[in-house]
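Single-structure report; data block below.
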Amino acid sequence: MNVSRRWLEGFLRRPLDAQDVSRRLAAAGAAVDAVEPLCTGLGDIVVARVEEVRPHPNADRLRVCAVNDGTGVPKQVVCGAPNVVAGGTFPFARVGATVPVGKDGKPFRLEKAKLRGEVSEGMLCSARELGVGQDHDGLWALATDAAPGTPLLEAIPLADDRIVVDVTPNRPDLLGHKGVARELAASYGVPYRLPAVPGGGADLPAFDRPAGASAMVAGVRVAIEDPAGCARFHAAVIRGVRVGPSPDWLKRPLEAVGVRSISNVVDATNWVMLELGQPMHAYDLARLRGATIVARDARPGERLLTLDGVERALAPGMTVIADAEGPVGVGGVIGGHESEVREATTDLLLECAWFEPSRVRRTRRALGVSTEASYRFERGVDRWNGAEAMRRCIELVLATAGGTLAAPPLDLHPEPAHPPRIFLRLARVAQVLGLELGQHEVERCLVAVGCTVVAKPGDGRLAVDVPGWRPDLQAEIDLVEEVARIHGYDRVPTELRPFRVGARPDDAADAVVTRVRDGLVAEGLSESLALPFGPQDGADAVALLNPLADTGAWLRTRLLPGLVRQAERNWNAQVRDVRLFEVGTVFRAGEAGGRPGEALHAAVVVTGGREPAHWTEARPADVDLWDLKGISERLAALAYPGTAWHVEDGAFVARDAAGRQVGWAGELPADRPPWAGPLFGAEIEVVTSPRPVRPVAPLPSVPASTRDLSLVVPDGLAAADVAGTIRSGGGPSLEAVRITSEFRGAAVGEGRRSVTFRLVFRAPDRTLRDEEVDAAEARILAAVQRAHGLERRGGDA
């Protein structure tokens, strides 16, 4: 999502720093991929007024202008723009200034020149030459009262930053500037509101909300015949519009986020989409046959020429927007060519609808077209915010194209629904976050993201209505996460708190994978994390029903092809030394109708220098097969102990004890530049074994009886062997045997030592009597006497 810093400033009514915005969005969970400064090369451009225009004596299409640039000395400028006129105000680049966009698209330094015999001492500029628009048919006529010589950036607020936000699929609210402004308002602790529209602010009538799925608006029949695909439909009719170029205040923010200006009406619909996240569409009312617009299911054999000039075949299961004779648009995806707004359009029908996300996704894939509208509808727009979007679009159209709203806007909602209500326990917030937050702070965090606390039952709970623009908030734990996010992850304590130890053992595969990762990192390799999708790799590959892209339409059967692509990307970035590994799941087709088989694999690729380069030495030698052999053996020791590598067909093959091939290593084919070294790789199965389950015994409920037994043990006899004999002869009441001390000296004789064993006796259900413990001790002494010939040390009680 491209976001304009200046647009956000209009919401928050305060200046913003793009880097600070990036940090705050990242802290709130919306990572920023890039910050692109706009219009930074306009420091040399000034405002100038053309005082006089005369024909060029040697060229029919050129004119010679006297330009007032504020220096007091008029500049002679040769200009070929058709719209240059005396008294006009235009951007001007003096001799020595840098113009941002030349004929080759690159900046260039302006020099004094002679054109067809006439000296030119500067350049009057178009919007395209300044990099602020696409219009290059004429000069950029400035609507400003600034005096000649005023820097352009002071006269017109052009400086902006394009902030590229990485929006995750569960946050469709961030696909509009309002959603991003809402996050920043919560971070700054300030209010926000929609920016004012120049020439707007007129009072609009309330919406007409009839019961049922069909109604009339200004003589046009509007109906929903496919409620499964289109659950809500807003419509408005505006008559007497004048379609033409958009004013700068409308056009400039769109171009700042990369959207080309088309006309005032189309730009108004795009503005609403980028501002509120709600796609809109405008129809030429005169081209709607039968004065009808209906959301219905496509019929067999129907076709539609879409806005991109392609005729597409429609099929049942696709929601279409149709007039009385046929489709005029594909719901949530793209409009039709025949009903688009043209320069001659005078009457409009504005559409704002809610389309079912999964159906939009299937339709978009089937038609092979992706649009900004489908991108948003697939993720889910706010079903309850259509009225605000329609009001905003009407306001923009009336302010820029004129006309009259013919009737109150229509809101068809045949099956009314409401956003969910969730009960949040304050105790649950404290339990999950390890932080006691008062009710006031919890409410503040929830209200900041748009939630409404509708009730406080008094039992430590809050009844919370979640906003329609947050479809990801579905359970209590989601609200807890929002509280943590807005309160600040950095304010959540990190010290270890008391916890209950679980009895469930960790997955055996997790310990093995950790061992493999740690071992390969110790070998100097970096881990690669990739999606398990790619091109078809073998006859047993598994096709995806709904792939993210055509290049990733199959589940991978091996890890090495993906690592090869990563190595090629490094080569493209001029990185020669590559050492990567990946541990992940691979898939193979199962039996007919069965689920795919899954296996855990580990793979490595290496290319380039054998060791890091150092300034004290020449470039190190490249890795070769011997290096690969060493890495492969290390990989096998970590992932599949017990395998043996064999040389087969010029490569290394790993086989297990049964002779089954479980790994491969060798040189890999790749799109290798001439300066890169050979690419080697290895891949092997990862074998995991279930962890032994330790028996759990209850803590003893009766006291133990302890006896110390000192035995004279010759040096050639291990104390551990004696302890084993004690355990076997002690009977069921002997709970533990521990060695507590060892003594050597004249009292025990040369070549012998006295070892003291502590014996712990206990019965599970009662306290043992002394007679029982004495009998067990006597049996132990008899056992060590028979087995080792040992005696109790004299004086031992």
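The values are calculated or read from the model by the stated rules, or taken from the named source; none is laboratory data. Please read all numbers here as calculations on a predicted model, not as lab measurements. Methodologically, a virtual Cβ is constructed for each residue, glycine included, from the backbone with ideal geometry; neighbour enumeration extends over all protein chains shown. Please note that ligands, DNA and RNA were not included when accessible areas were found on the heavy atoms of the full protein model with its side chains. Shrake-Rupley method; radii C 1.70, N 1.55, O 1.52, S 1.80 Å.
Selection of region 184-217 for residues being in contact with a strand residue (DSSP E or B) (Cβ under 7 Å, 6 or more places away or on another chain) and assigned to a strand (DSSP E or B) yields D208, S214, A215, V217.
Taking the criterion of being closer than 11 Å to I163 by Cα and open to solvent by less than 40 Å² (accessible area, probe 1.4 Å), the residues of region 8-19 that qualify are L8, A18. Looking at D465, D490, just one residue is surrounded by fewer than 16 Cβ atoms within 10 Å (Cβ to Cβ) and of a type in the set (D, E, K, R), and that residue is D490.
Within region 750-769, take every residue that is touching a Pro at 6+ places or on another chain (Cβ under 7 Å) and closer than 20 Å to R707 by Cβ and give me the one that is surrounded by the fewest Cβ atoms within 10 Å (Cβ to Cβ).
Looking only at region 750-769, we keep the residues that are touching a Pro at 6+ places or on another chain (Cβ under 7 Å), and these are 751-752, 762, 767.
Those left that are additionally closer than 20 Å to R707 by Cβ: 762, 767.
Values: R762: 19, T767: 11.
Among residues in region 750-769 that are touching a Pro at 6+ places or on another chain (Cβ under 7 Å) and closer than 20 Å to R707 by Cβ, the one surrounded by the fewest Cβ atoms within 10 Å (Cβ to Cβ) is T767.
With respect to the conditions (1) open to solvent by less than 40 Å² (accessible area, probe 1.4 Å); (2) over 29 Å from the mean Cα position of the chain (by Cα); (3) modelled with pLDDT of 95 or more, S339 lacks only one, and its number is (3). Determine the pairs where a residue that is more than 11 Å from G730 (Cβ to Cβ), located within region 765-787, has a partner that is open to solvent by less than 80 Å² (accessible area, probe 1.4 Å) and assigned to a helix (DSSP H, G or I) with Cβ atoms under 7 Å apart, the partner being 6 or more residues away or on another chain. Every condition considered, the pairs that remain are A787/T725. Can you go through E735, E742 and tell me which one is part of a strand (DSSP E or B), at negative phi, touching a residue at least 24 places away in the same chain (Cβ under 8 Å) and open to solvent by 30 Å² or more (accessible area, probe 1.4 Å)? Result of the check over E735, E742: E735. With respect to (1) buried (at least 22 other Cβ atoms within 10 Å of the Cβ); (2) in contact with a strand residue (DSSP E or B) (Cβ under 8 Å, 6 or more places away or on another chain); (3) more than 30 Å from R242 (Cβ to Cβ), the lone exception for E378 is condition (2). Restricting attention to region 592-612, the residues that are open to solvent by 30 Å² or more (accessible area, probe 1.4 Å) and touching a Pro at 6+ places or on another chain (Cβ under 6 Å) total 2.
Please pick out the residue among P416, P408, P493, P457 that is part of a loop (DSSP other than H, G, I, E, B) and touching a residue at least 60 places away in the same chain (Cβ under 8 Å). Give the steps one after another, and end with the answer.
Values: P416 fails: touching a residue at least 60 places away in the same chain (Cβ under 8 Å); P493 fails: touching a residue at least 60 places away in the same chain (Cβ under 8 Å); P457 fails: touching a residue at least 60 places away in the same chain (Cβ under 8 Å).
Selected residue: P408, the only one of P416, P408, P493, P457 that is part of a loop (DSSP other than H, G, I, E, B) and touching a residue at least 60 places away in the same chain (Cβ under 8 Å).
Condition check: at pLDDT 85 or above, within 26 Å of R779 (Cβ to Cβ) and touching a strand residue (DSSP E or B) at 6+ places or on another chain (Cβ under 8 Å). Does V713 satisfy that? In short, yes. Scanning region 520-561 for residues that are in a helix (DSSP H, G or I), open to solvent by less than 70 Å² (accessible area, probe 1.4 Å) and at pLDDT below 90 returns a single hit, G552. Sort out which residues of region 20-31 are in contact with a helix residue (DSSP H, G or I) (Cβ under 7 Å, 6 or more places away or on another chain) and open to solvent by less than 40 Å² (accessible area, probe 1.4 Å), and write them in order of number. Matches in region 20-31: V21, L25, A28, A30. Between A747, A718, A704, A697, the distinction of being touching a residue at least 24 places away in the same chain (Cβ under 8 Å), surrounded by fewer than 18 Cβ atoms within 10 Å (Cβ to Cβ), among the hydrophobic types (A, V, I, L, M, F, W, C) and at negative phi belongs to A704 only. Within region 569-618, the set of residues being at positive phi and either of a type outside the set (G, A, S) or not in a loop (DSSP other than H, G, I, E, B) (or both) comprises just one member, Q574. Before we move on, is L349 touching a strand residue (DSSP E or B) at 6+ places or on another chain (Cβ under 8 Å), of a type in the set (A, V, I, L, M) and modelled with pLDDT of 95 or more? When the stated conditions are applied, L349 passes them. Filtering region 1-18 for residues that are β-branched (V, I, T), touching an Asp or Glu at 6+ places or on another chain (Cβ under 7 Å) and in a strand (DSSP E or B) leaves an empty set.
With the requirement that a residue be assigned to a loop (DSSP other than H, G, I, E, B) and within 20 Å of A599 (Cβ to Cβ), what does region 640-658 give you? I'd like the intermediate steps shown before the answer.
Taking region 640-658 and keeping what is assigned to a loop (DSSP other than H, G, I, E, B), we get 640-643, 649-650, 656-658.
Within region 640-658, Y640, P641, G642, T643, D656, A657, A658 meet the criteria.
Could you go through region 359-368 and let me know if any residue there is surrounded by fewer than 16 Cβ atoms within 10 Å (Cβ to Cβ), in contact with a strand residue (DSSP E or B) (Cβ under 9 Å, 6 or more places away or on another chain), of a type outside the set (S, T, N, Q) and in a loop (DSSP other than H, G, I, E, B). Yes, the conditions are met somewhere in region 359-368.
Note on region 362-386: residues that are out of contact with any Pro (no Cβ under 8 Å at 6 or more places or on another chain) and not polar (S, T, N, Q) total 10. Any chance region 273-294 includes a residue that's free of Cβ contacts under 8 Å to residues at least 60 places away in the same chain, outside any helix (DSSP H, G or I) and open to solvent by less than 30 Å² (accessible area, probe 1.4 Å)? For region 273-294, residues free of Cβ contacts under 8 Å to residues at least 60 places away in the same chain, outside any helix (DSSP H, G or I) and open to solvent by less than 30 Å² (accessible area, probe 1.4 Å): absent. Screening P505, P612 for residues that are over 25 Å from the mean Cα position of the chain (by Cα) and over 25 Å from Y640 (Cβ atoms) leaves exactly one candidate, P612. Is there a residue in region 230-237 that is closer than 28 Å to M216 by Cβ, modelled with pLDDT under 95 and either over 32 Å from the mean Cα position of the chain (by Cα) or surrounded by fewer than 19 Cβ atoms within 10 Å (Cβ to Cβ) (or both)? Checked against the condition, which is being closer than 28 Å to M216 by Cβ, modelled with pLDDT under 95 and either over 32 Å from the mean Cα position of the chain (by Cα) or surrounded by fewer than 19 Cβ atoms within 10 Å (Cβ to Cβ) (or both), region 230-237 yields no hits at all.
Among the residues of region 159-167, is there at least one that is part of a loop (DSSP other than H, G, I, E, B) and farther than 24 Å from R485 by Cα?
Residues of region 159-167 part of a loop (DSSP other than H, G, I, E, B): 159, 166-167.
If we keep only those that are farther than 24 Å from R485 by Cα as well, we get 159.
Within region 159-167, one or more residues are part of a loop (DSSP other than H, G, I, E, B) and farther than 24 Å from R485 by Cα.
Could you tell me which residue of region 49-99 is most open to solvent (accessible area, probe 1.4 Å), considering only residues that are within 21 Å of R128 (Cα to Cα) and of a type in the set (G, A, S)? Here the residue is G80.
Under the condition of being free of Cβ contacts under 8 Å to residues at least 60 places away in the same chain and acidic (D, E), which residue from region 338-396 is nearest to P172 (Cα to Cα)? Within region 338-396, the match that is nearest to P172 (Cα to Cα) is E378. May I ask you to list the residues in region 420-442 that are surrounded by fewer than 17 Cβ atoms within 10 Å (Cβ to Cβ) and either assigned to a helix (DSSP H, G or I) or of a type in the set (D, E) (or both)? Passing the criteria: A427, R428, A430, Q431, V432, E436, Q439, H440, E441.
Can we say E388 is open to solvent by 10 Å² or more (accessible area, probe 1.4 Å), touching a helix residue (DSSP H, G or I) at 6+ places or on another chain (Cβ under 7 Å) and within 25 Å of P210 (Cβ to Cβ)? Steps first, please.
Details: open to solvent by 10 Å² or more (accessible area, probe 1.4 Å): yes; touching a helix residue (DSSP H, G or I) at 6+ places or on another chain (Cβ under 7 Å): yes; within 25 Å of P210 (Cβ to Cβ): yes.
The answer is yes for E388.
Within region 508-517, the presence of a residue that is out of contact with any Gly (no Cβ under 9 Å at 6 or more places or on another chain) and in a loop (DSSP other than H, G, I, E, B) is excluded.
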